[in-house]
Amino acid sequence: MVRFHLNECILEADINDEGCPVAWMISSNATEVTIDYFLAMLRERNPDVIPAKMMSDNDKAQLNAIRRRYPKSQLFLCWWHVLHAWQEHFITNHFSELWDLLKGWIRLKEDERWAQIQKLAPPSLIQYFEVHWLPIWPMWSARARKGRTIFEFSETNMLIEAYVFHIQCFAIKIDMWYDS
Amino acid sequence: MGAILGFKSSEDPVPKGSDLARDTFALIIQTEYQREVFKKYGHAFAGLDATHNTTYYENTSLFTVIVRDKWGHGKISSK
């Protein structure tokens, strides 16, 4: 029954075009060592599979574990999570023009917007970007995402969130089936 | 080959070679089908994400590794 449920969950995600989950971990915490354990086991079971690109949230524990177990993979940050982090550092309604610039900046293949952003942004926000984001621009800017194959094309991790939603819906369907 | 890549209950000893906390619970799953798909598509791109409170048990996390196929979505199973 477990096998049946897992395969049905995978199929459910597939049919809805949200990517295919290839491994899961359920854990009591989300620390770096626990994620490292997950990726170590994944690497051990699949020694020949080294993703050229890997995407993660803006989460240090995940990023450090990926770097340790897949040091040759190029790391990208999920755009949704990057923009979410940015918008938490200023009131977007008060700086709507700036917010529009930032939303577009992430997608630009050439870097001609930072000067414009500096003119509109308060000093604290400029400093925030200079310290936290400019040094790691290859992880979030479209400038570093040129020339990818369609296999590598993904800008957010939201497909994972979407498929988890389907699994939850599917679990409810199974519960209803058992109850009927 | 089984689908369980790793398992530690909160009372099991810490597996050799890991630095897991003593009271950590972790269950890692990869079915044979998932292994095949990872082998076929995982060389290009893989996403890692955590979702919280997706199970009956409070404060548990579900981690998922996901891949995409040549159409930018999942491959239909041949099951």
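The values are calculated or read from the model by the stated rules, or taken from the named source; none is laboratory data. Just so you know, these numbers come straight off a predicted model, no measurement behind them. Cβ placement follows ideal geometry from the backbone for every residue including glycine, while neighbour counts extend to all protein chains displayed. All accessible areas refer to the heavy atoms of the entire protein, side chains included, with ligands and DNA or RNA removed. Shrake-Rupley method; radii C 1.70, N 1.55, O 1.52, S 1.80 Å.
Using a 1.4 Å probe on the protein chains only, how many percent of the accessible area of the stretch B:1-48 belongs to carbon and sulfur?
Summing carbon and sulfur atoms, their accessible area is 53 percent of the total for the stretch B:1-48.
When the label point is put 7 Å from the Cα of residue A:64 along its Cα-to-beta-carbon vector, which residues of the stretch B:1-33 have a backbone N closer than 16 Å?
B:18-21
Got a sec? What order do A:67, B:35, A:45, A:145 fall in by accessible area at 1.4 Å, biggest, i.e. largest, first?
A:67, B:35, A:45, A:145
Just checking the output field for B:12-20: average partner chain Cβ neighbours within 10 Å of each residue's Cβ?
3
For the stretch B:15-70, I need the span (max minus min coordinate) of the C-alpha atoms along each principal axis, in Å, sorted largest to smallest.
On the principal axes, the stretch B:15-70 reaches 40, 28, 18 Å in Cα extent.
Bin width 5 Å, origin at 0, all Cα-Cα pairs of the stretch A:21-102: what percent of pairs per bin?
All Cα pairs, binned at 5 Å, distribute as 3, 13, 19, 20, 14, 10, 8, 8, 4, 1, 0 percent.
Tell me: how much accessible area in total is hidden between B and A, 1.4 Å probe, Å², nearest 100? Please report the intermediate quantities before stating the final value.
Details: alone 7140 and 11850 Å², together 13530 Å².
Counting protein atoms only, the buried area is about 5500 Å².
Just how many % of Cα pairs in the stretch A:59-145 lie over 21 Å apart, if you round to the nearest whole percent?
The calculated P(r) of the stretch A:59-145 puts 31 percent of pairs beyond 21 Å.
Please report, as a whole percent, how much of the solvent-accessible surface of the stretch A:63-106 comes from carbon and sulfur atoms (probe radius 1.4 Å).
Of the solvent-accessible surface of the stretch A:63-106, carbon and sulfur hold 48 percent.
Rounded to the nearest 0.05, what FRET efficiency do residue B:14 and residue A:88 give with R0 = 41 Å and r taken as the Cβ-Cβ distance? Could you check?
0.70
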